[in-house]
Structure formats: structure tokens, C-alpha cells
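What follows is one structure encoded as C-alpha cells, with my remarks underneath.
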Amino acid sequence: MRNFDLKEDIRDYWSERSETFDLSAGHRIAPGAEAEAWAAEIGARLGPAPLRILELACGTGEITGVLHALGHEIVALDFSEAMLARAQAKHAGQTRLRFTLADAERTMEAGGAFDAVVCRHLVWTLTDPAGAFREWRRVLRPGGTLLVFDGDWARVTGAGRLARIGVRAIDRWRGEDGTHRDGMADRHAAIMRELPFGTGLRLPELLPLLTQADFGEFRAGSQNAIGRAQRQGASLRDRLRTLIHRRFVLAATAL
């Protein structure tokens, strides 16, 4: 019962965040350098050939746009109706793209139907990581790619400690920027306390679970190039935010 309650808490949280999601640094993908950096990271791991991709937790459709611009055929799912509505409006009329309301941990898609599964900032929110990874392996063809963009949102880097102090100082001086409503930070913290990866998402804990789900050939990297692109033209507050947490890219092959 608690797992169900937690999922509903997560759905409600992100549904409310949908109103300001695209205003938040690290969520909206700005055209120009940042969009190009995302396209380069994705293209380097998926290759140039058009693929059939399942995008998990698509949110307002920012990664969807990058994947579509690269020429892929996409099924994009989210279990927040509010997030999905924004994504559908953003990409209205586009071909090679289908949106669906579904849980990323139980996609309801056909087995072996996809060349790649892609997600951004999803794995840390999973209530049953082992079960989710088995599901993602099920929908991938053998040799398909799982591509994860995520980070350790519970721990702060060395430089991140100073960056966080700077962000808080700017918040006190100029006021908060309106990307979070009152009480949202407390709700976020309460959800994290209940999650398997609530104390931090790190590769040493993640890779064994993926191995057990029949993934291998792991290729891990940083999101440093994306971070540099995000800082171009950003406010000081948003530039500092990109330094607070350690973010990674992980590609794995369905065995």
C-alpha cells in the first residue's frame, strides 16, 4: 500500500511542478548551445541511424524535442497527465511521435519493440528499480540501448557546497525566482526519504541492478559538456546551480 501511496505522491508533485517546469534550470533545454550539447551526447551513444525509441518520463517534452530533431521515431510516456498535456501541446502535429499516459515502471508496451529506451532524471525517482530495469529490458530488442541521464541529487560536490551558498545568497538578496511554489522543497525532501535512491544515485549501486536485469557493456560519462552549454548566457544563479550536483550519462546494452 505504501508503494502505491508513494507513487501518487510523486505523480502529484510532478503534476504541480508542470506549471513551472520549463522555467527551471536543467529542465528546459535552451535552443542553441544547450540543445546542440544534448544532441551531441545522445547522438554519440545512439548513433546516426533513425531508431524506434521509448522515452520514459518525458515531462514537458524537452528531450522529446531533441530526439525528434535527430530523426528518431518516438513513443514518449509520462504518468502525470499535466506534464503530458504540456508535452503534447508543445509537439502538436509532429509525425514520428506518439504520447502515452503510463507508468515508466510498467510501460504496457510490447516486448522487444524498441531499439532504445531513453530517460532523463527518472532513475532516482523509481520506487522499484529492479522491477523497472527488468521492464525496460523486456521492451528492448537484444542489442538495444538503454540511455540514462541522471545524477546524485542527495549529495553535493565540493564546488557544489560553495555554489549552493551562492544560490542561497542570491535568493536572499533578490528573492527566489518563482520556479518552486511554497512548500515544494519540503515535499521533494519527503519523497526522497521514501525512495530506494533517496540517499543518492551512484553507479556502484546502479550497475549491479542493471546487470541482474540482463544489461551489460556499460559506458558511463559525465554531463560536463551539457553543463558548460547550460552556463552560456545563464544568470549567475543558474550557472551556480549546474555545479551543485554530480550528473552522469550511462549507456547500457540489452544482452
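The numbers here are math on the coordinates, done by the rules we state, and not lab data. What you see is a predicted model; the values in this text were computed from it and never measured. Reconstructed Cβ throughout: ideal geometry from the backbone, glycine too, with neighbour counts over all protein chains shown.
Rounded to the nearest whole Hz, the Karplus-based 3J(HN,Hα) values (6.51 cos²θ - 1.76 cosθ + 1.60, θ = phi - 60°) of the range 107-112 follow the sequence 6, 6, 8, 5, x, x, with x at glycine and proline. Angle between the Cα long axis of helix 158-174 and the longest principal axis of the chain, 0 to 90 degrees, nearest 10? Roughly 60 degrees between the two axes.
Eigenvalues of the alpha-carbon gyration tensor of the chain, scaled by 5 and square-rooted, set the equivalent ellipsoid semi-axes at 27, 21, 19 angstrom, largest first. The listed peptides 20-29, 121-130, ordered by packing as a protection proxy, come out as 121-130, 20-29 (highest mean of other Cβ atoms within 10 Å first).
Among beta bridges from DSSP that stay inside the range 2-254, the antiparallel ones total about 45%.
Does the range 196-255 come out rounded, prolate or oblate by the C-alpha gyration tensor, with a ≥ b ≥ c the root eigenvalues, rounded set by a/c under 1.5 and, if not, prolate when a/b is larger than b/c and oblate if not? It is oblate, given that a/c is not under 1.5 and a/b is not larger than b/c. Between the Cα long axis of helix 33-46 and the first principal axis of the chain there is an angle of about 30°, rounded to the nearest 10. With N the number of residues in the range 1-124, Rg(Cα) / (2.2 N^0.38 Å) evaluates to 1.04.
Calculated mean residue ellipticity at 222 nm for the chain: -13000 deg cm²/dmol, from DSSP H runs with n ≥ 4 weighted as -39500 (n - 2.57), summed, divided by the residue count and rounded to 500. Counting every C-alpha pair in the range 117-226, the share spaced more than 21 angstrom apart comes to 49%. Across the range 47-94, counting alpha-carbon atoms alone, Rg and Dmax equal 10.5, 32 Å.
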